[in-house]
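The values are calculated or read from the model by the stated rules, or taken from the named source; none is laboratory data. All figures in this text were calculated on a predicted structure; none of them were measured in a lab. For neighbour counting, all protein chains shown are included, and Cβ atoms are generated from backbone atoms with ideal geometry for every residue, glycine included. SASA here: full protein model, heavy atoms, side chains in, ligands and nucleic acids out. Shrake-Rupley method; radii C 1.70, N 1.55, O 1.52, S 1.80 Å.
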Amino acid sequence: MISDLWYKNAVIYCLSVETFMDSNGDGVGDFEGLSRRLDYLAGLGVNAIWLMPFQVSPGKDDGYDVADYYNIDPRYGTLGDFVDFTHGCKQRGIRVLIDLVVNHTSDQHPWFQSARSDPDSPYRDWYLWSKKKPANADEGMIFPGVQESTWTYDEKAGEYYFHRFYEFQPDLNTANPHVQAEILKIMGFWIQLGVCGFRMDAVPFVIAEKGADIKKPKEQFEMLRTFREFLQWRKGDSIILGEANILPKDNIKYFGDDGDRIQMMFNFPVNQSLFYALASGDTEPMVAALEQTREKPHTAQFGMFLRNHDELDLGRLSEDQRQAVFAAFGPEKHMQLYDRGIRRRLAPMLGGDQRRLELAYSLMFSLPGTPVIRYGDEIGMGDDLDLPERNCARTPMQWSDEPQGGFTTSDKPVLPVISKGPFGFEHINVAEQRRDPESLLNWMERLIRMRKEAPEIGWGDYTVLDPVKPGVLAIRYDWRNNSVLIVHNLKPEPVEIHLDVGCGEHGKLLIDIADSESSEADGKGRHRLLLEAHAYRWFRVGGLDYLLRRTEL
Ligand code: GLC
C-alpha cells in the first residue's frame, strides 16, 4: 500500500488568483475565473495548488500584508466563490494549499490599529514595542536598499514597533499565547472551507523570539508541533509547507526528530546550487547540497523549485559562485535585487531556449523531493523589468493571442500583460502551445506524468553514481525492489559516459521512459551512453515489467 502522505510524491502548482483569470472584466483575476481554469490544471496533471495570499489587504506587498485573515479581498470574489473553487478542486482530485502569513500583519489590520492607539488595548501585546530605539534597529533587514530599519517609530503609539519586513508589516508577537490561539483559529477557518494545508510564510521569523532586548533570538520549535497537531486533528491529510531559508544543519529541528513538526520545507540550498550548476556546468556544489539535506524523517519531504514569486536568492552561495550565476543569468543591475538575487523569470534567464528550459525542469523534477512549479513557467513566460522589485515576474497569465492575452476583457489589467518582444502574449500563450505537440506546455505535461509515475523519486533512497564526467549528473533511486536512473548533461557539448548502474542483473538493462531507446550493458556490466548537449534521460532499470516486481515493503 502506498501511504496517505500524498505530498511525498506530488506536483504542486503555485499561482496568484489576482493574475490568473478575470471573469468579470474589471481587470483583476478572481476565484470565478480561476475555477473556470481548473480543467486546465487537471489536464496538466498537478496534484495540488499553492495559492498566494488573497485575503483582505492594502496590497502593498502583493497580499503579504493581511488586514483581515477571515475574508477575501472583494476584488477576487466572495467566500462563496472561494468554496466553489475548493469544491471544484476536490472534484478534480486537486488539493489546495494557501499562504499563511502570520509573522506579521498589515499596519492597517484592526489589531494593529487598536494596539497603536491605546497602551491598554488587548492587542497591545500582540505586537512588539520599545520606548527607545533598540541598538540593533538597523540590522537584519530583509529588503536591503528598500527597507531602512527593523524598528520604526509610531507617532500614535509613541513607541517603536518591530518589523522584520517592510515598515507597513508590523511583526506579531508570536510568543503571546493569544496570538498563537488566533493562528490556530485562522488555520481552522480555512481548513473548514476546503483547503488542505498551508505554505507558511517566513517560518524562522514566526518562531523566533522577538523583542527589543533579544540579542540572539532562539527558535521556539514547539510552536511547529502545536500547529501540526492542531491541523492533523482537524484534517488528517493537511500539511504545512514551510518557507524557511535555513542552514541544512537545522533541517531536522524544523521537521522534528520524530517527524512531528512541519511536513515540508522548500529546499533553498539545492535551489541555489542548482542555478550555479546551470550557470557553470559544475554539479559538485549541488551534489553537496543534496547530501547536506539528505537526512529527514520518513514523513518529511522537500519542496524542489526553480523560480518562485520572489527574487532568486543567491545569498548562500560563495562569492565566486554567486558572481558566476549573476554573469550567466542576470548580468545587468536592473535584473538583480536586494544585493543577493535575480528577479527575472526562468525563461528569459535561459534565453528562451527550450532545450535548456527542458534540462532545468527535468533536473529539478528528478531531485529528491516534490516539484513546485509556478504559473506561466509551463509555457516559458517572461518578465517585465520595468515593474518595480519582484512585480516584474508576477504579470498576468498568457492564455491566448487575444487582447490582454485572454486574461481579461478589460484594457486595464491589474499588472500589464507582457506584450512586447519574444515573450509577449502574441508568441507565448497556452492556446498556441496546446496545438503544438513539441511545445514546452505539452512537454511539461509529459514530464509531470513521467514524474508521477516514478514514485521511487518521492519515496525512495537515492545514490549519486560515480564516477561520471564533469557536468554530468547520474542519480539512481531505489524503492520497493525497483529503480529509476536519471542522467543529465549540463554542458553545452555532447559527452560519452560509461556507467555501472548497480542493481545486479536488472542493472544490465535500461529502458528510456520518454523515448524508444534502451541500453544494454557490455560484458563488464557497464552502459555506454551518448548524451547530447544539455541532454536529459530518464530510465527504468531492468525493464518495463517493474510493477510485477514491486514489493509491498
Ligand atoms: C515571504 C514572501 C514574500 C513576502 C515576505 C513578507 O518571503 O515569499 O513575497 O514579501 O514573505 O511577507
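With the simple spin-label model, which puts each label point 7 Å out from Cα in the Cβ direction, the D353 to A135 separation comes to 5.2 nm. In the chain, helices alone account for a calculated mean residue ellipticity at 222 nm of -7500 deg cm²/dmol, with every DSSP H run of four or more residues adding -39,500 (n - 2.57).
Karplus-based coupling profile of segment 56-61, in residue order and whole Hz: 4, 6, x, x, 7, 10, with θ = phi - 60° in 6.51 cos²θ - 1.76 cosθ + 1.60 and x standing for Gly or Pro.
The GluC sites (Glu not before Pro) found in segment 305-354 that occupy coil by DSSP, while having at most 16 further C-beta atoms within 10 Å, are E332.
The Rg/Rh ratio for the chain, using Cα coordinates for both the radius of gyration and the Kirkwood hydrodynamic radius, is 0.97.
Taking the Cβ-Cβ separation of E493 and D515 as r and a Förster radius of 35 Å, what is the calculated FRET efficiency to the nearest 0.05? Can you show the working numbers first?
On the way: r = 21 Å, r/R0 = 0.59.
The pair E493/D515 has a calculated efficiency of 0.95.
Looking at segment 1-103, which trypsin sites (Lys or Arg not before Pro) are in a loop (DSSP not H, G, I, E or B) and have at most 15 other Cβ atoms within 10 Å?
Qualifying residues, ordered by number: K60, R92.
Per-residue Karplus couplings for segment 134-144, computed as 6.51 cos²θ - 1.76 cosθ + 1.60 with θ equal to phi - 60°, are listed in order as x, 4, 9, 4, 9, 10, x, 5, 7, 10, x Hz, Gly and Pro entered as x.
Model label sites at R528 and F143, defined 7 Å from Cα along the beta-carbon direction, differ in position by 5.8 nm.
Taking the mean number of other Cβ atoms within 10 Å as a proxy for protection, how do you rank 295-307, 399-411 from highest to lowest? Kindly include the intermediate steps, with their values, before the conclusion.
Values: 295-307: 20.3, 399-411: 18.2.
Highest-to-lowest ranking by the protection proxy: 295-307, 399-411.
At a probe radius of 1.4 angstrom, the accessible area of the chain per residue rounds to 40 square angstrom. In this simple spin-label model, placing a label point 7 Å from the Cα along the Cα-to-Cβ direction at both R225 and R294 gives a separation of 2.8 nm.
These residues, L485, L509, go from largest to smallest accessible area, 1.4 Å probe, as L509, L485.
Taking the average, over residues, of other Cβ atoms within 10 Å as the packing measure, peptides 487-497, 147-157 rank 487-497, 147-157 from highest down.
Using alpha-carbon pairs under 8 Å, 6+ residues apart, how would you state the relative contact order of the chain in percent?
On the way: 1133 pairs, mean separation 66.5, N = 553.
Relative CO of the chain lands at 12 percent.
Taking a ≥ b ≥ c as the square roots of the eigenvalues of the Cα gyration tensor of segment 330-429, is the shape rounded (a/c under 1.5), prolate (a/b larger than b/c) or oblate? Because a/c hits 1.5 or more and a/b fails to exceed b/c, segment 330-429 counts as oblate. Expressed as an acute angle from 0 to 90° and rounded to the nearest 10, what is the orientation of the C-alpha long axis of helix 354-365 relative to the principal long axis of the chain? Relative to the chain, helix 354-365 is tipped by roughly 80 degrees.
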